[in-house]
């Protein structure tokens, strides 16, 4: 059987959740069916891992003309590309001028692009039910349900199962968060709640990985510098797993909410309960069900793309959720076990990648049937 040639494209291959998602899709795509290449305008640690760990071809070229020339030599059938969904003609123009017949976007934030969504993009992959719903509202009368695929971001189940989390000390009053050094990924509520937690649980410690410099003055202002244990941010999976094993609660808070929340899904996979909040892009409380696999503070009254409000009441509500778990080790453990089960059921890399493969195959079959209407059973041929 002829392999389908797929180009996985990201503007850059940094340590962001979107790039990690693409790395894991690439890892799990069936190489018997798909001939996979990764490319971008810029490289980065994720692209290096794809080349070194999976032995797949990669290409980096910031010049549009040279990128198009290279694409023309590859005869790709499908390009699966990461973008925010905003009007961004350079990507669409590059793929169409290169003659790639099928364009499938991975829409990170559920935004609607009237210049391309209706006529040039064949399928929109949304990373959560929440994001798919937001996109439908933004597209309004132009919404086409048949062009939507909802595919959760993958978690590397094999990686988490290979690590021994059984010796985690649930009695330890340690909570924490890791993420990119991007201030919007760390809501200021995270740092304003620390004095409340310190008063309720004086021995509590807050472990961080990727703490943004913008928030360091708050630590001094709130007299909580003694609570902080900081770990360096890097690309090593072992360091991330070690970090998660040291804490007993993952305390998520994001200025704009989450369209998915890779750090939440990974924390769940490690067996941690998660505290989070409502509001914003809202996938964070699609992943976390209050009183099941974590606690959700009802603080967000805003809509998609809007910052989560911060009031004294909101800070206190979030802080007391953390305190509740810190004081109840058995509850932490029980919620963590539920979260781990959900993470593997909903987000396991092999499982969610099959849904992406189905999207690829559907569009590939449509293209071939359109070229030759006599191929009525193409879907039976390409499986």
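Since every read-out is calculated from the coordinates, none of them should be taken as a lab result. This is a predicted model, so every value here is computed, not measured.
The table for this structure:
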read-out: For region 247-382: rounded, prolate or oblate by the Cα gyration tensor [a/c cutoff 1.5]; value: oblate
read-out: Gaussian network model of the chain, springs between alpha carbon atoms under 10 Å - residue of 104, 228, 90 with greatest fluctuation; value: 90
read-out: Mean Cα-pair separation over length for the chain, i.e. relative contact order, pairs under 8 Å, 6 or more apart, %; value: 15
read-out: Of all DSSP beta bridges in the chain, antiparallel share, percent nearest 5; value: 0
read-out: Nearest-ten-degree value, helix 129-139 long axis tilted from longest Cα axis of the chain; value: 60
read-out: Whole-Å distance, taken between Cα centres, linking region 168-212 and region 250-266; value: 14
read-out: Prolate/oblate/rounded label for region 1-42 (Cα gyration tensor, a/c 1.5); value: oblate
read-out: Candidates 52, 113, 156: whichever shows maximal mean-square fluctuation once the chain is modelled as a Gaussian network with Cα springs under 10 Å; value: 52
read-out: Fraction in percent of alpha-carbon pairs per bin - 20 Å, the chain; value: 28, 54, 17, 1
read-out: Mean Cα-pair separation over length for region 80-236, i.e. relative contact order, pairs under 8 Å, 6 or more apart, %; value: 15
read-out: Relative contact order of region 158-346, defined on C-alpha pairs under 8 angstrom at six or more residues apart (%); value: 24
read-out: Highest-fluctuation residue, 340, 138, 46 considered, GNM on the chain with Cα pairs under 10 Å; value: 138
read-out: At 0.890 mPa s and 25 °C, Stokes D of region 158-346 from Kirkwood alpha-carbon radius, µm² per second; value: 151
read-out: Spatial separation of Cα centroids for region 86-123 and region 300-323, in angstrom; value: 35
